[in-house]
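Trainee: Right, I'll just put the structure down here and ask away after.
The values are calculated or read from the model by the stated rules, or taken from the named source; none is laboratory data. In this text, all values refer to a predicted model and were calculated from it rather than measured experimentally. Don't worry about glycine lacking a Cβ; one is built from the backbone with ideal geometry, like all the others, and counts go over all protein chains shown. All accessible areas refer to the heavy atoms of the entire protein, side chains included, with ligands and DNA or RNA removed. Shrake-Rupley method; radii C 1.70, N 1.55, O 1.52, S 1.80 Å.
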Amino acid sequence: IVDVETFYNADLNNDSTIGHTTNTIDAVGPTTLVYSTQNGYQVNGNVQLTYAGANAGPNSFAGWQAIQAEASGSGFLVLWQNTDGTYSEWVTDGSGQYISSNTISNVVDVETDYNADLNNDGTIGHKTTTIESNGTTTLGSSTRGVYVIDGNTDLSFNNAIAGPNSFS
């Protein structure tokens with residue numbers, strides 16, 4: 001119905017706008033991500049995100065929304081968030097066509113890629129919280145899921161990193 005609003009000069013879907021709208025999702029840095037009611041998700045205002053030849057938008061994949069985009073090589077990386085709190089990342093070509101995707105197990109791992117504090121902890125990227133600092137050695141816990149000695153050495157046990165969830 002939005003397609004004919006300008007012809008009739010009427011707000012037919014009661015969204016307080018006549019015609020299609022564009023909403024900015026991510027405008028931090030040189031790459032922008034917007035949602036257009038006419039074309040779906042767009043990167044940098046003119047690159048349409050597509051999957052299997054169809055425009056991708058907020059209702060294309062149940063529970064998933066695109067939340068960040070950044071240029072990468074000759075294409076783009078697009079971060080998606082599910083309503084269940086999980087994340088996935090698309091790799092697209094320069095025309096916005098989906099090539100592949102990656103599951104993001106720890107969203108903090110990609111915060112510096114998108115220059116965004118995605119877990120709302122006040123820090124972009126991983127941080128270490130001090131657990132104990134009596135004496136000359138400091139023990140910390142990193143958002144990478146590992147214990148850290150003196151701020152830069154990962155604690156390990158039997159050649160595997162050790163962190164808060166390493167032992168039951």
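Trainee: When you scan region 147-167, do you find a residue that is touching a residue at least 24 places away in the same chain (Cβ under 8 Å), in contact with a Ser or Thr (Cβ under 8 Å, 6 or more places away or on another chain), open to solvent by 70 Å² or more (accessible area, probe 1.4 Å) and part of a strand (DSSP E or B), even just one?
Mentor: Among the residues of region 147-167, not one is touching a residue at least 24 places away in the same chain (Cβ under 8 Å), in contact with a Ser or Thr (Cβ under 8 Å, 6 or more places away or on another chain), open to solvent by 70 Å² or more (accessible area, probe 1.4 Å) and part of a strand (DSSP E or B), which makes the answer no.
Trainee: Could you tell me which residue of region 102-134 is most open to solvent (accessible area, probe 1.4 Å), considering only residues that are within 18 Å of residue 163 (Cβ to Cβ) and assigned to a helix (DSSP H, G or I)?
Mentor: Ranking the candidates gives 109 first.
Trainee: Just for region 136-145: of the residues that are open to solvent by less than 70 Å² (accessible area, probe 1.4 Å) and at pLDDT below 90, which one is nearest to the chain's Cα centre (by Cα)?
Mentor: 143
Trainee: What residue, among those in region 65-101 that are hydroxyl-bearing (Ser, Thr, Tyr), in a strand (DSSP E or B) and out of contact with any helix residue (DSSP H, G or I) (no Cβ under 6 Å at 6 or more places or on another chain), is modelled with the lowest pLDDT? Step through it out loud before you land on a result.
Mentor: Within region 65-101, the subset hydroxyl-bearing (Ser, Thr, Tyr) is 72, 74, 83, 86-88, 92, 95, 98, 100-101.
Still in the list and also in a strand (DSSP E or B): 72, 87-88, 92, 98, 100-101.
The next check asks that each one be out of contact with any helix residue (DSSP H, G or I) (no Cβ under 6 Å at 6 or more places or on another chain); those that pass are 72, 88, 92, 98, 100-101.
Details: 72: 93, 88: 97, 92: 97, 98: 98, 100: 97, 101: 96.
Among residues in region 65-101 that are hydroxyl-bearing (Ser, Thr, Tyr), in a strand (DSSP E or B) and out of contact with any helix residue (DSSP H, G or I) (no Cβ under 6 Å at 6 or more places or on another chain), the one modelled with the lowest pLDDT is 72.
Trainee: Let me spell it out: the conditions are (1) more than 26 Å from residue 120 (Cα to Cα); (2) in contact (Cβ under 8 Å) with a residue 12 or more places away in the chain, and residue 89 meets all of them except one. Which number is the exception?
Mentor: (1)
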